[in-house]
1. Of the residues Tyr339, Tyr353, Tyr310, which single one is within 30 Å of Phe382 (Cα to Cα) and either among the basic types (Lys, Arg) or touching a strand residue (DSSP E or B) at 6+ places or on another chain (Cβ under 7 Å) (or both)?
2. What are the residues in region 185-202 that are under 18 Å from Tyr352 (Cβ atoms) and crowded, with 22+ Cβ neighbours inside 10 Å, if any?
3. Filter region 354-366 down to the residues that are out of contact with any Gly (no Cβ under 9 Å at 6 or more places or on another chain) and open to solvent by less than 30 Å² (accessible area, probe 1.4 Å), then identify the one that is nearest to Ala422 (Cα to Cα).
4. Quick test of your reading of the structure: Tyr430 fulfils all but one of (1) within 22 Å of Gln219 (Cα to Cα); (2) open to solvent by 70 Å² or more (accessible area, probe 1.4 Å). Name the failing condition by number.
5. From the set of residues in region 308-353 that are part of a helix (DSSP H, G or I) and not small (Gly, Ala, Ser), which is surrounded by the fewest Cβ atoms within 10 Å (Cβ to Cβ)?
6. Go over the candidates Leu272, Leu259, Leu279 one by one and state the one that is open to solvent by 70 Å² or more (accessible area, probe 1.4 Å), over 21 Å from the mean Cα position of the chain (by Cα) and under 15 Å from Val202 (Cβ atoms).
7. Contact list please: Cβ distance under 9 Å, first residue in region 233-251 and open to solvent by 60 Å² or more (accessible area, probe 1.4 Å), second residue in a loop (DSSP other than H, G, I, E, B) and of a type in the set (Gly, Ala, Ser), pairs at least six apart or on different chains.
8. Which condition number in (1) under 30 Å from Ala114 (Cβ atoms); (2) modelled with pLDDT under 95; (3) open to solvent by 40 Å² or more (accessible area, probe 1.4 Å); (4) touching an Asp or Glu at 6+ places or on another chain (Cβ under 9 Å) is the one that Ser417 fails?
Amino acid sequence: MKKTLFIVFFALSSLLLFAQTDEELFGSSDDDFFEGDGIEELAVEENSSAGENKAKVDLGQGIIFENGSVKIGGNFSTSLSSSTVLYEKFEEDEDKKTFKDHIYESILTPDLSAYLTFDARPNQNLRMYTKFGMEYPFTSKANTSFVTAGTFIQVPVAATTNVDDWFKIKELFTDFSIADVAFFRFGLHTVTWGCGYFFSPVSDVINTTSINPEDTDAQVEGSVNLRTQITFPGSQNCLWFYVIPGKDFILENSAQTYLRDTALAGKFDLVLGGWELGLGGYWKYQNSPKALITASGSIRKLGLFGEALYQYGSNSEWSESIEWEEKTHIYQLTAGFNYYWKVPEILFAGQYYYDSNDLDQAHKYLTHGHNIAAMISFSRIFGTNDVSASLFAMINFGKEEMSEEYKEAAKNLGIASYLNAATYSATLNYTPVKTITLSAGPYITMEDLEEAPLVELKLNVKMGGGQF
């Protein structure tokens with residue numbers, strides 16, 4: 001009991017010590033990159049002598065080409081990181097590894113990716129946007145997951161295979177509008193429903209991946225859908241409607257799905273003073289219906305946000321029976337805050353997340369129970385922005401131990417951040433020149449709060465890259 005209380009005290013105390021940088025937490029999206037996600041007519045610069053459009057280059061703003069209403073830009077990421085184990089627990093029957101063994105088994109990970117963004121706005125009522133690129137390693141691999149059935153003995157009954165390709169399409173959509181009242185977007189795009197920083201159950205309703213708590217700047221994967229936004233004249237209030245086609249294709253190499261597999265969603269946003277309130281829902285035939293509430297605002301310099309999601313029945317329950325009776329009531333609740341000290345450039349944020357779903361594996365193993373995440377970042381150390389530091393902590397109380405197969409599947413899905421009961425990291429960053437940033441710090445993980453931690457030293461060097 002004393003050991004458990006000590007761990008909880010240590011975990012809560014760590015919330016004041018571990019975090020990410022503010023740039024990672026509040027990083028700009030590509031829509032911000034290109035002056036908002038609405039439809040607007042771009043001013044065309046004219047050559048006073050020739051009366052022709054002028055193409056201009058602004059690499060500092062991530063634009064390599066701009067001519068009238070067309071902009072082409074992107075980003076390039078390149079770095080090398082290493083990880084060396086400093087301490088790990090061994091069973092009594094295992095040979096204890098020496099420091100030399102850990103050095104020999106150090107991991108080196110190259111990061112090399114490039115994305116190109118194309119944004120065309122030929123007139124006030126039309127926009128075409130896409131973001132695509134590539135990531136290292138430049139290979140394709142297939143991951144197969146099995147659907148099982150049975151009460152006591154799980155028997156594989158079907159298999160689905162997803163191909164993880166080196167070529168990535170992040171977004172591909174078109175915007176168009178009617179009379180400046182109804183605005184439409186159709187295609188592949190990320191839906192920004194939620195307001196959470198580290199966790200967002202509301203964002204997970206339509207998007208296909210979750211926020212990575214350790215890299216909140218990473219883009220969440222969206223889905224193909226038709227979005228309709230209806231604005232109320234003279235206010236910032238609006239209605240959002242979504243039509244989301246199914247992803248279970250009828251024929252191979254075909255986009256055909258059954259109409260009954262189409263999901264519908266809607267959300268109403270109400271602005272009251274400095275607060276924004278949201279109320280919405282999600283429905284899909286023979287699937288769990290959902291209702292949601294969001295709220296965000298501020299009290300002086302303290303930013304506050306919260307989300308509540310109610311779900312009738314788990315995915316596993318609906319797959320076993322399509323009857324409406326005897327389904328479980330599932331709740332996901334989260335609340336958080338952020339505070340920024342302009343001088344001396346310190347950002348602090350924290351979030352609590354409760355997930356009652358212990359019936360679906362993805363929740364049972366990853367987020368079931370009580371979750372806490374926090375960060376604090378120092379953008380200016382020793383009187384210079386060339387030196388910065390970031391600290392991060394994430395703790396889960398309630399998840400169950402998962403199999404090695406599920407751990408591997410979670411890593412392939414990009415949700416490795418949720419695999420441990422606790423994760424702590426501290427990073428010191430130094431930028432000797434603008435094109436090189438060196439980072440170093442400890443990385444501590446605990447698969448179980450009652451077990452000894454795994455302590456690693458992580459080093460990273462970012463070389464060049466950036467927006468172009």
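1. Numbers: Tyr353 fails: within 30 Å of Phe382 (Cα to Cα); Tyr310 fails: within 30 Å of Phe382 (Cα to Cα).
The conditions single out Tyr339.
2. Gly194, Gly196, Tyr197, Phe198, Phe199, Ser200, Pro201, Val202
3. Leu366
4. (1)
5. Taking the candidates together, the pick is Glu320.
6. Exactly one residue qualifies, and that residue is Leu279.
7. Final answer for the pair search is Phe249/Ala255.
8. Of the numbered conditions (1) under 30 Å from Ala114 (Cβ atoms); (2) modelled with pLDDT under 95; (3) open to solvent by 40 Å² or more (accessible area, probe 1.4 Å); (4) touching an Asp or Glu at 6+ places or on another chain (Cβ under 9 Å), the odd one out for Ser417 is (3).
The values are calculated or read from the model by the stated rules, or taken from the named source; none is laboratory data. Everything numeric in this text was worked out from a predicted model, so none of it was measured. Here the Cβ is made from the backbone with ideal geometry for all residues, glycine too, and neighbour counts use every protein chain on show. Note: areas computed on protein heavy atoms with side chains; ligands, DNA, RNA excluded. Shrake-Rupley method; radii C 1.70, N 1.55, O 1.52, S 1.80 Å.
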